[in-house]
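Below you'll find the structure, written out as structure tokens, and then a few comments.
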Amino acid sequence: MKLLMIEDNTSVSEMMGMFYKKEKWDVTNAYDGEEGLKLFNENAQTWDAVILDLNLPKVDGMQVAMKIREVSAEVPLIMLTARDSDSDQVLGFDVGADDYVTKPFSPITLIARIKAIHRRAMMQPVSHEEGVIDDFDVQTRTFKLNSRTREAYLNDVLIPDLTPKEFDLLRVLSKKQRQVFSRDQLLQLVWDYEYFGDERTVDAHVKKLRQKIEKVGPQVIQTVWGVGYKFDDSNVPETPMK
């Protein structure tokens, strides 16, 4: 893999460099946000993942993440931060991060997260070709989802601005309607984490996904208290055809 690591702490970069070398990964280091954006934009289509510190000089990590997402919606993006509050985590996901690792962290954990997020990226369907735009792999009375175009509709209204992980989460839930998924199950199915996941990752993504769904219609992601989440659109009124 070809990684871009934007981290101003040289000790962290050097430590991770030894682990990247062991995996035979090619890593390019940037030590401030401005340099990181410059390096990313020079080879935007070649990066397999970006590892991004939140607290950076010159341009902070949130701004860097937003700029990266303006160029590429697909490149896997993992944030590193010393902050450990739910609000910071939600904000990180809101600007397009796929994952969030809190310092201090185990290098083995970060390596596992990178591998998992890369596997998920490699499994994504390619963009649709002409003639398959209506090939919905999930379709109910009020909801439909197309994995080729990575679009989801509620009563024929597009759910806007879904990030890659929000779409993946919605796809997993909607394919097994009314089945309850625990947070651990969702971490494994959506993020491919079995041992290294943080349940707050799921909660943060569900919160943002719900906000986007509510822009177009009633809520279809339901909480089953003490267990997890499920998809259920049975109470969504069907919009009559005009």
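Things worth noting here:
- Condition met for Leu170 (of a type outside the set (Gly, Ala, Ser), at pLDDT 90 or above, surrounded by 15 or more Cβ atoms within 10 Å (Cβ to Cβ) and closer than 21 Å to Val75 by Cβ): yes
Conditions (1) within 29 Å of Leu189 (Cβ to Cβ); (2) open to solvent by 20 Å² or more (accessible area, probe 1.4 Å); (3) modelled with pLDDT under 90; (4) touching a Pro at 6+ places or on another chain (Cβ under 7 Å), marked per residue:
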{"position": "Met15", "(1), (2), (3), (4)": "no, yes, no, yes"}
{"position": "Phe19", "(1), (2), (3), (4)": "yes, yes, no, yes"}
{"position": "Trp25", "(1), (2), (3), (4)": "yes, yes, no, no"}
{"position": "Gln45", "(1), (2), (3), (4)": "yes, yes, yes, no"}
{"position": "Val71", "(1), (2), (3), (4)": "yes, yes, yes, no"}
{"position": "Asp86", "(1), (2), (3), (4)": "yes, yes, yes, no"}
{"position": "Gly96", "(1), (2), (3), (4)": "yes, no, yes, no"}
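- Residue ranges of strands (runs of 3 or more DSSP E) in the range 1-118 with at least 1 members among the hydroxyl-bearing types (Ser, Thr, Tyr): 26-30, 77-81, 99-102
- Qualifying residue in the range 185-200 (condition: modelled with pLDDT of 90 or more and out of contact with any Gly (no Cβ under 9 Å at 6 or more places or on another chain)): no
- Contacts under 7 angstrom Cβ, first residue in the range 11-34 being closer than 19 Å to Lys58 by Cα, partner part of a strand (DSSP E or B) and open to solvent by less than 20 Å² (accessible area, probe 1.4 Å), 6 or more apart: Ser13/Met5; Thr28/Leu4; Asn29/Met5; Ala30/Leu4; Ala30/Ile6; Gly33/Ile6
- Within the range 157-189, being touching a strand residue (DSSP E or B) at 6+ places or on another chain (Cβ under 8 Å) and more than 24 Å from Arg113 (Cα to Cα) holds for Leu158, Ile159, Ser174, Lys175, Lys176, Gln177, Arg178, Gln179, Val180.
- From the list Thr142, Thr223, Thr239, the one residue that fits, being out of contact with any helix residue (DSSP H, G or I) (no Cβ under 9 Å at 6 or more places or on another chain) and modelled with pLDDT of 90 or more, is Thr142.
- Verdict on Lys58 being modelled with pLDDT of 90 or more, basic (Lys, Arg) and over 18 Å from Val202 (Cβ atoms): yes
The values are calculated or read from the model by the stated rules, or taken from the named source; none is laboratory data. Keep in mind it's a predicted model, so treat the numbers as computed, not measured. All Cβ positions, glycine included, derive from the backbone under ideal geometry; neighbour counts span all protein chains shown. When the accessible area is computed, the model is the full protein with side chains, heavy atoms only, and any ligands, DNA or RNA have been set aside. Shrake-Rupley method; radii C 1.70, N 1.55, O 1.52, S 1.80 Å.
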